[in-house]
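The values are calculated or read from the model by the stated rules, or taken from the named source; none is laboratory data. Note that the structure is a prediction, hence the values are computed from the model and not measured. Cβ sites come from the backbone with ideal geometry, for glycine too, and all protein chains shown count toward neighbours. For accessibility, only protein heavy atoms count, side chains too; no ligands or nucleic acids. Shrake-Rupley method; radii C 1.70, N 1.55, O 1.52, S 1.80 Å.
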Amino acid sequence: MPNISKWFSERLKLDELPFFRTPDYMYHVDYWLGALVAAAFFYTVISGLILLLYYNPSQGYASTEFIINNVPYGSVVLYSHLYGAYAMIILAYIHMFKNYFGGAYKKPRELLWIIGVLMLVLTLGASFLGYSLIGDALAVSAVDVGAGIISAIPGLSALIPIIFGNYDTGDYTRVLALHIILVALIGLLFIFHFFLAESYGMKPSRKAKPKAPAVYTKEEWSKFNPWWPRNFVYMMSLVFLTWGFILLIPNALAYVNNLPQFLNPFLNPKPAPPPNSPAAAHITTYPPWFFLFLYKIADFTSDVLIFLLIGVIIPLIYLIIVPFLDISDELHPLRRKIFTGIGILMITYLIQTTMWGDIAPGVEVSIAQQITAYLPPAIIVALGLAFIKEPKNNVKKAMSPITPILFVIVAMLFAGSVVEVIEFPSLFTASITIFLGSLFLAGSRSIYKIIINSSNENATQVPEVKRASKLPMETKKKLAEILISILFIMSVVIVAQLWTIPPTGYASNMFGINLGLVLIMLGEAISLYHYAVYKKPNEE
């Protein structure tokens, strides 16, 4: 393997690439969320190109049904393409908010942050258009809502035929074209985003760089691990794991039938009935789940401009200009309480409004109901951050500052769920409330310890002592090598069975499930290889 690695390095001049050299402690998924987003993006592009070979935009629904029922493993590709986009959206939100709370938008990464926000907006737009290409009753309803919003803005109604074409007749040629254009724009921005990220490097931990600008000097870089081969190996383990779950989850869900209506927007990869069929009259029309929050905000007001201000314009402008609002050099979220509080509220309101749109779609919401739903979280945030003391300089805390922030988020969601179960009592809302309540009670114990410890200002700080590992590293590496062999044998057994699965019909989705398992095992095997070959004693 070293000779093969050296051969590639010499032929491709990999040592000369201006990519970030990585310190040992950064080989943790927290630092590689961007790679997970990129993995989901590339899978979605590859599967989308395969679907493009068979999709006929002039007959959207019929073409979708043809891919599912007649194209070999077409349903596997289509369902995983859909959930690849879902994975990309969820991972992009996680990536963005992690960087937000960590202050990764500060100097010199302002442009990197702004491009990331724009990529998220384009991802949501491209996903909406891709979702609409299915041509079922839900897709038509989603496009109707989008067209209605555009037509309600003075002077923009002329854009509807340009953007959506004759979608009401089942022709999605315009929608497909715009979908491809937005994906291409995401790809171009991704290249720029990637090279900027490699130029600045991953944001160091606060122990290494407690203040902005949080970047390593060239001299510090020279001491770290080069991009090839260790970074590449670790990244590939994450890519295969991501692709495995993107394949496994939707193809497993394809065998789940008779889901409750409120779960369909989240857990059903299958198309709804065609828009003109009798069955379409009996389903609740939802937009894509990632736009449920906008769907609900539309119930707050009949004025489309106010709707756009609340749901789109104000949050987007804030995220773009936040690097220029938060101009301090502080990176700790508890030293940036105003911006931390706004971030917590954005997450809470996003989840809360999405659930509300799922539970009560199309139900008008009065001003009093809006205040009842959204004021308690704001009060909890203000009080929670006010009572959590800022960390002192040169004092190491045993608990991450993210812990109290997560507790505040859980507390707000719990308060919101109580309101929801009162307004809309059901087994679903009750289950969510009980679950969030249990998390709130469990988190209260941890927060109690933080408050007690922080109140004792003169307490003697006991240095953190790492527990001795029960097994020496060499033994662990030997076990890793054994597990790699086991995973390889299991993968070969599953791959040998793949070609016995029928390419169409009810059983065809087992191909996606098994292929997903193989990719997950391959990703885990590469992760174990990374541990066995590259892990150092100081990383334990």
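What number goes with the only condition from (1) touching a Gly at 6+ places or on another chain (Cβ under 7 Å); (2) closer than 30 Å to residue 275 by Cα that residue 354 does not pass? It fails just one condition, (1). Of all residues in region 139-163, those being open to solvent by 30 Å² or more (accessible area, probe 1.4 Å) and of a type in the set (S, T, N, Q) number 2.
The sole residue among 93, 86 that is touching a Ser or Thr at 6+ places or on another chain (Cβ under 9 Å), of a type outside the set (Gly, Ala, Ser) and either open to solvent by 30 Å² or more (accessible area, probe 1.4 Å) or within 19 Å of residue 184 (Cα to Cα) (or both) is 86. Residues that are out of contact with any Pro (no Cβ under 8 Å at 6 or more places or on another chain), open to solvent by less than 30 Å² (accessible area, probe 1.4 Å) and not aliphatic (A, V, I, L, M) within region 44-68 comprise 44, 47, 48, 57, 60, listed in sequence order.
Here residue 340 passes the criteria (1) more than 22 Å from the chain's Cα centre (by Cα); (2) among the polar types (S, T, N, Q); (3) closer than 28 Å to residue 213 by Cβ; (4) surrounded by 15 or more Cβ atoms within 10 Å (Cβ to Cβ) except the one numbered (1). The set of residues in region 506-532 being touching a residue at least 24 places away in the same chain (Cβ under 8 Å), open to solvent by 40 Å² or more (accessible area, probe 1.4 Å) and more than 25 Å from the chain's Cα centre (by Cα) consists of 510, 529, 531. For region 215-287, the helices (runs of 4 or more DSSP H) that sit wholly inside it and include 2 or more residues that are within 28 Å of the chain's Cα centre (by Cα) and not acidic (Asp, Glu) are 232-253, 264-267. Do the conditions hold for residue 139, that is, is it outside any loop (DSSP other than H, G, I, E, B), in contact (Cβ under 8 Å) with a residue 24 or more places away in the chain and within 22 Å of the chain's Cα centre (by Cα)? Here the answer is no, as residue 139 does not meet what is asked. Within region 280-320, being in contact (Cβ under 8 Å) with a residue 60 or more places away in the chain, open to solvent by 40 Å² or more (accessible area, probe 1.4 Å), farther than 18 Å from residue 357 by Cα and of a type in the set (Gly, Ala, Ser) holds for no residue. Note on region 51-76: residues that are part of a helix (DSSP H, G or I), more than 25 Å from residue 163 (Cβ to Cβ) and in contact with a Leu (Cβ under 9 Å, 6 or more places away or on another chain) amount to 3.
Across region 375-395, the qualifying residues are those that are surrounded by 13 or more Cβ atoms within 10 Å (Cβ to Cβ) and touching a residue at least 40 places away in the same chain (Cβ under 8 Å), and the one among them that is nearest to the chain's Cα centre (by Cα) is 381.
Close contacts from region 87-105, counting a first residue that is touching a residue at least 24 places away in the same chain (Cβ under 8 Å) and a second that is of a type in the set (Lys, Arg) and in a helix (DSSP H, G or I), with Cβ to Cβ under 9 Å and a gap of 6+ residues or different chains, come to 104/98. Evaluating residue 105 against the criteria (1) hydroxyl-bearing (Ser, Thr, Tyr); (2) in a helix (DSSP H, G or I); (3) under 20 Å from residue 35 (Cβ atoms) leaves one unmet condition, (2). Would a scan of region 494-505 turn up a residue that is open to solvent by less than 30 Å² (accessible area, probe 1.4 Å) and free of Cβ contacts under 8 Å to residues at least 40 places away in the same chain? Yes - at least one qualifying residue is present in region 494-505. Within the option set 177, 212, being touching a Gly at 6+ places or on another chain (Cβ under 8 Å) and among the hydrophobic types (A, V, I, L, M, F, W, C) holds for one residue only, 212.
Checking each residue in region 98-134 for being more than 16 Å from residue 325 (Cα to Cα), crowded, with 21+ Cβ neighbours inside 10 Å and either in contact with a Lys or Arg (Cβ under 6 Å, 6 or more places away or on another chain) or small (Gly, Ala, Ser) (or both) picks out 116, 126, 127, 130, 132. In this structure, is residue 361 open to solvent by 20 Å² or more (accessible area, probe 1.4 Å), at negative phi and touching a Ser or Thr at 6+ places or on another chain (Cβ under 7 Å)? Yes; evaluated as a whole, the condition is true for this residue.
Is there a residue being under 30 Å from residue 3 (Cα atoms), modelled with pLDDT under 85 and open to solvent by 60 Å² or more (accessible area, probe 1.4 Å) anywhere in region 205-218? Checked region 205-218: at least one residue is under 30 Å from residue 3 (Cα atoms), modelled with pLDDT under 85 and open to solvent by 60 Å² or more (accessible area, probe 1.4 Å). Listed by first and then second residue, the pairs linking a residue in region 229-244 that is more than 17 Å from residue 532 (Cβ to Cβ) to a residue that is crowded, with 22+ Cβ neighbours inside 10 Å and hydroxyl-bearing (Ser, Thr, Tyr), with Cβ atoms under 7 Å apart and 6 or more places separating them unless they lie on different chains, are 243/43.
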